[in-house]
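The numbers here are math on the coordinates, done by the rules we state, and not lab data. Everything numeric in this text was worked out from a predicted model, so none of it was measured. Quick reminder, even Gly has a Cβ in these numbers, built from the backbone with ideal geometry, and neighbours come from all protein chains shown.
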Amino acid sequence: MNSPRSWNLRVDPGVFKILKKMPRRDAEVVLNVIRLSPVNPFFGDIQKMRGGDNIWRRRVGSYRIFYKIMIAEKTILVFRLERRTSKTY
């Protein structure tokens, strides 16, 4: 049976470090969103970031997941996770 995933997912090790420091419930929600992103990376509360080539951010509660979509390789690279503050953008 075919997997519903159509994209490859790569996560920067720094994202996992931040997940470990977050409250457990928030970390579970954010991790679940990251795991589901290969199904459709353009779904959810997303916005394309200015000044970057195919760099997007997804809002999950008070956290922001920043990722790059490499269309030719069909790969999603999650490279940053931040809590939304006045300094996030």
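Listed here are the residues, each with its yes/no results for (1) surrounded by 17 or more Cβ atoms within 10 Å (Cβ to Cβ); (2) under 15 Å from residue 9 (Cα atoms); (3) hydroxyl-bearing (Ser, Thr, Tyr).
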position	(1), (2), (3)
41	yes, yes, no
53	no, no, no
70	no, yes, no
74	no, yes, no
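Would you be able to tell me the number of residues in segment 37-84 that are hydrophobic (A, V, I, L, M, F, W, C) and under 17 Å from residue 16 (Cβ atoms)? So that I can check it myself, show each step before the final result.
Taking segment 37-84 and keeping what is hydrophobic (A, V, I, L, M, F, W, C), we get 39, 42-43, 46, 49, 55-56, 60, 65-66, 69-72, 76-79, 81.
Applying the additional criterion that residues be under 17 Å from residue 16 (Cβ atoms) yields 60, 65-66, 76-79, 81.
Residues meeting the conditions: 8.
Could you check residue 7 against (1) surrounded by 12 or more Cβ atoms within 10 Å (Cβ to Cβ); (2) within 19 Å of residue 84 (Cα to Cα) and say which number it fails?
It fails just one condition, (2).
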